[in-house]
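**Q** Here's a structure for you.
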Amino acid sequence: MPRTKPGFTLVELLVVIGIIAVLLCLLLPATRSVRTPALQSQCLNHLKQLALASLIYNDIHKNLPPEYSSDQSGQPLHSWRTLILPYLEQSEVVAQIDHQQPWDAAINDKVRKTLLPLYMCPSYPGEELAVTTYRGCAGPDYFFNGSTLLLLSEIVDGKSSTIMIIDEPPGQAVEWMSPVEKSAVLVNASENLSDRGVAYWARSVHPGVKLAAYADGHVKPLKEDLAPEALHALKTIAGNEEGVDD
């Protein structure tokens, strides 16, 4: 009779499983270390496209995109993110928007809930779809200030040292069509903060840094622990600050 080959014993099988588990533990950190810079690079590319689209808008309209467009009574209609869509090759999305009606009007509801990958940080951990963490720097003496139309020549602090857009932590995500940066409703605060904790949602998804786009179109990481006064100086367009370290 032919001799049958013995199979694995239980002990041998457990040893093999243990070796595979150890190898996986060794490989996973390496995979993450490769994936993290790749996602950061992709996020920087998104910000770069938004910054360049804003500058194309300026070339055509002779002013930079405002924080929002407004109706005759001054009420906000549409975000700067909506206004630059034609320069991001998003003509199909633009065609679905009624620019004469507010962003959250029923007629704009379908496009409002449309996922735009370019407005999503690739590392964003939330489950919401039509949201963004790409927030414009908005306020008096900042790049965005309501419906005020800003000229490039008014950025006297220097375009290469004035931030226009920052990739904020997940807890600062808003609907991408939301027009008012300073008072936009945080879409994930109520349901997600309790799941992962306030600290998780307050941290940047890019270890140790936030990513920013500047008024000349270049992008770069900022230290996450940058002093508030230094960050304010980088956001102002005419603060006459000198030697700010980002």
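Bear in mind these aren't lab numbers, they're just calculated from the coordinates by the rules spelled out. These numbers come from a predicted model, not from an experiment. Neighbour counts run over all protein chains shown; Cβ positions are idealised from the backbone, glycine included.
**Q** Extension gain residue 41-residue 63, at 0.36 nm per residue separation less the Cα-Cα distance, in nm?
**A** 5.0 nm
**Q** Among the GluC sites (Glu not before Pro) within region 127-162, which fall in a DSSP loop and have no more than 14 other Cβ atoms within 10 Å of their own Cβ?
**A** 127
**Q** Check the straight Cα-Cα distances from residue 220 and name the lysines below 18 Å, setting aside those fewer than 8 residues away within the same chain.
**A** 48, 159, 210, 235
**Q** Using Cβ counts within 10 Å as a stand-in for footprinting exposure, how do 109, 157 rank, fewest first?
**A** 109, 157
**Q** Given a Förster distance of 22 Å, report the FRET efficiency between residue 101 and residue 72 from their Cβ-Cβ distance, rounded to the nearest 0.05.
**A** Efficiency, rounded to the nearest 0.05: 0.95.
**Q** Next question, about the same structure. Using DSSP to define loop residues, name the trypsin sites (Lys or Arg not before Pro) in region 32-77 whose beta-carbon has at most 16 other beta-carbon atoms within 10 Å.
**A** Here the trypsin sites (Lys or Arg not before Pro) that fit, given the DSSP loop and packing criteria, are 62.
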